[in-house]
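All remarks here apply to the structure that follows.
The values are calculated or read from the model by the stated rules, or taken from the named source; none is laboratory data. Treat the numbers as computed from the prediction; the structure is a model and nothing was measured. Here the Cβ positions follow ideal geometry from the backbone for every residue, glycine too, while neighbour counts run over all protein chains shown. For accessibility, only protein heavy atoms count, side chains too; no ligands or nucleic acids. Shrake-Rupley method; radii C 1.70, N 1.55, O 1.52, S 1.80 Å.
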Amino acid sequence: MRNTLSFFRQQDAASGGLFLLIGTAFGCASLHHELGSSQRPGPGYFPLVLSVLLLLVGSALLWRTWRKQTPTTHHTAPLARRALVAVVCAVLLFGLLLPRLGLFITVPLVLAVADMAAGKFELRRWLISAMVLTLFSWLVFNLGLSLNLPVSPTLPHF
Amino acid sequence: MELLHNLAMGFETALSLQNLAYAFLGCLLGTLIGVLPGLGPVTTIAMLLPSVYGLDAAPALIMLAGIYYGAQYGGSTTAILINVPGEASSVVTALDGYQLARQGRAGAALAAAGLGSFFAGSVATLALAAFAAPLTELALAFGNAEYFSLMVLGLVGAVVLASGSMLKAIAMVLVGLLLGQVNTDVITGEARFTFGIQQLQDGINFVVLAMGLFGLGEIITNLNSGDSRRSLLTQKIERLWPTQAEFKEGSGATVRGTVLGSILGLLPGGGALLASFASYALEKKISRTPENFGKGAIAGVAGPESANNAAAQTSFIPMLTLGIPPNAVMALMVGAMMIKGIQPGPQVMTSNPTLFWGLIASMWVGNLMLIVLNLPLIGMWVKLLTVPYRLLFPAILVFCCIGAYSLNGESFDVYMTALFCCAGYLFNRLGCEPAPLLLGFILGPMMEENLRRALLQSQGDWTAIATRPISAGLLLLAALLMVMVLSPHVGRKREEAFQGD
């Protein structure tokens, strides 16, 4: 009896599991809508068909991995926790701060967080890239493309 | 001849100062990202999509197109000079190109790549012009069932020609299709899968999806794989022009590569990458000196480079005439057109003729610009390679964030981008390719609409889709493709072809 955890460490098995999850989620959600019939398909029709297909494929993946005697490809690179967290936090921070604090404050802050994705934080490098990118973004996006991004902090309104 | 008249009109549009400027910008950007590994046309175009809102349709598309085929040119430069392919499709070029460079024949390799690409680009653009009209006429005979089957064929093609596990590619297409279902139902007006979130009522913005999955996800992967110091061939590149003998060697390969690339670019899921691999395999097979391959055969550079450029051009055909994007980049172009309110499909040619022919003409102009940009400016491009990724990726990140925000002036889109960034990383770790997902996502709503209309018309008869002649033919083709790939022999060949990935 193979160890469950090591089974799911295999890429194909984990993918199969993921697809089963997604298929189930969408499938259940599509049942909330009217399915209609083949003659008059409702909003839930197509999503349900797709979800079922996805469940089939996911099961096929799991089955195929189970059947193989030798393990298939495992995860190769180590989990890039640092890079992932840093990038995601940087992006979320941007979304949070831009409308509230404006471009000139947000970009340097976001850059500081992003910088931590790639090793040691160097003050000089951060300062230079913060200045360059903030200025560049302002010039290209606000002036050049007329995007009207907020540049300075907005006073909180209630 | 009508073709000449259309081309004349096209050149009139393409040679306007504004369009020339945007073509140049596109080619410049394209070469730049082609040269820089870790930044590709998909990411760049996704990043630039928000700016399309502010531009007119023709300059926007011209620029984006320039980026795409420009990247093919740029990728070969680094492949040859430092054995680091800037683009996936330049992997093959590096095999012989780098060897040639080490033998002091970098100039010949670069010229072979450049000239071959230009020839291929010109021919392919002509093919595009010539086949556009007949294909469009064919497409006008398409009804809902036919469109549905065509999209099925497109998705099957994308799955079949994708690298890696076919089952996973199919699953990714399905996930993409499902994600495309998050919207307000066209026929009943009900909101689906929106969890009550108002911003999702128009669906997930595909720019957000593209940026998160491709742009940001790629950043994380690149950061993780580390920045290996590459050996730079800094010796001066002499003698840019190839000798008589080298010319002859390369010209046959160029022509063959052009033909091969032009055909493969049409296929859904095909495109530059497949074309370059196929051309290399072909050249090696028919060469009188196959043992030279891998040690510096000019044909091994000229062929693949011509092929990938030709494929990049002809992949516009299914997109412009039928509205079906054959690969991820074209899917983004479809998105760009929809942003400008242009519904891609056979009617584009008749409703926006200046745009259509202008785009085609500007592709030829762009190819010309690229050959000028690339050969003399090689030194400059090489200098750029010394920019460490550490400085590059924050810029990409910031541009993605700004781009996401600028779509609707809403932070929600930025948060969604972060979500898809996680998803992109997850898929990457699980060995699932994101490109089929993007294709499924773009085609999903169209597929559903066509399917439902077809079913309504046929009174619920599913077999009607399979029995109408054109539709049946398309589905048969799709089935054939799948069977072909599932057969063990082809499966092995396919794995071989993607060894280099």
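Annotations for the structure displayed:
- Over chain B, relative contact order from alpha-carbon pairs under 8 Å, at least 6 apart, %: 28
- Over 28 Å apart at the Cα level, from the set B:Lys284/B:Lys383; B:Lys340/B:Lys383; A:Lys68/B:Lys168; A:Lys120/B:Lys383; B:Lys295/B:Lys383; A:Lys68/B:Lys284, are B:Lys284/B:Lys383; B:Lys340/B:Lys383; A:Lys68/B:Lys284.
- Cα-based shape type of region B:127-171, given that a ≥ b ≥ c are square roots of the gyration tensor eigenvalues and the cut on a/c is 1.5: oblate
- About the Cα centre, charge dipole magnitude for the protein assembly as shown (Lys/Arg +1, Asp/Glu -1 at Cβ), debye: 1820
- Where B:Val42, B:Val175 fall by accessible area, highest first, once all protein chains stay in place (1.4 Å): B:Val42, B:Val175
- Three-way shape call for the protein assembly as shown based on the alpha-carbon gyration tensor, with the a/c threshold at 1.5: rounded
- Rounded to 10°, Cα long-axis angle of helix B:299-314 versus longest principal axis of chain B: 30
- Residues of region A:100-115 that lose at least 10 Å² of accessible area (1.4 Å probe, protein heavy atoms only) when the other protein chains are present, relative to their chain alone, are A:Val107, A:Val110, A:Leu111, A:Ala114, A:Asp115.
- Surface exposure of the protein assembly as shown, expressed per residue as accessible area with a 1.4 Å probe, stands at 42 Å².
- Seen against the Cα atoms of chain B and their longest principal axis, helix B:166-179 is set at about 50 degrees.
- For chain B, the spherically averaged projection of the C-alpha convex hull amounts to 23.2 nm².
- Residue ranking by accessible heavy-atom surface, 1.4 Å probe, largest first, among B:Lys168, B:Lys383, A:Lys68 comes out as B:Lys383, A:Lys68, B:Lys168.
- Restricting region B:372-469 to GluC sites (Glu not before Pro) that sit in a DSSP loop and have at most 11 other Cβ atoms within 10 Å of their own Cβ leaves nothing.
- D_trans [Stokes-Einstein, Kirkwood Rh over alpha-carbon pairs] for region B:286-372, 25 °C, 0.890 mPa s, µm² s⁻¹: 162
- Shielding by partners, peptide B:456-463 (average Cβ within 10 angstrom, other chains): 2
- Threshold 10 Å² - residues in region B:389-403 whose accessible area is reduced by that much or more when the chain is no longer isolated, probe 1.4 Å: B:Arg390, B:Leu391, B:Phe393, B:Pro394, B:Ala395, B:Leu397, B:Val398, B:Phe399, B:Cys401, B:Ile402
- Of all accessible heavy-atom area on the protein assembly as shown, the percent that carbon and sulfur account for (1.4 Å): 66
- A versus B: buried accessible surface, summed, Å² (probe 1.4 Å, to nearest 100): 5500
- Counting only other chain Cβ atoms within 10 Å of each residue's Cβ, the peptide B:432-445 averages 1.
- Along principal axes, Cα extents of region B:55-119, largest first, whole Å: 48, 21, 13
- Estimated at the nearest 10 Å², the accessible area of B:Cys422 is 50 Å² with a 1.4 Å probe.
- Overall form of region B:320-421: oblate. Here a/c, set by the Cα gyration tensor axes a ≥ b ≥ c, is 1.5 or more, and a/b is not larger than b/c.
- Other protein chain C-beta atoms within 10 Å of residue C-beta, averaged over B:406-412: 3.
- Summed side-chain charge close to B:Leu426 - residues other than B:Leu426 whose Cβ falls under 15 Å, Lys, Arg +1, Asp, Glu -1: +1
- Here region B:23-68 yields Rg over Rh of 0.96, to two decimals, using C-alpha coordinates and the Kirkwood radius.
- In degrees, nearest ten, helix B:91-102 long axis to first principal axis of chain B (Cα): 10
- Translational diffusion coefficient of region B:88-146 (Stokes-Einstein, Kirkwood radius from Cα pairs, 10 °C, 1.306 mPa s): 110 µm²/s.
- Considering all different alpha carbon pairs of region B:278-330, the Kirkwood hydrodynamic radius works out to 12.5 Å.
- Charge tally in the Cβ shell below 14 Å around B:Thr184, where Lys, Arg are +1 and Asp, Glu are -1, B:Thr184 excluded: -4
- The heavy atoms of B:Lys295 offer some 130 square angstrom of accessible surface to a 1.4 angstrom probe.
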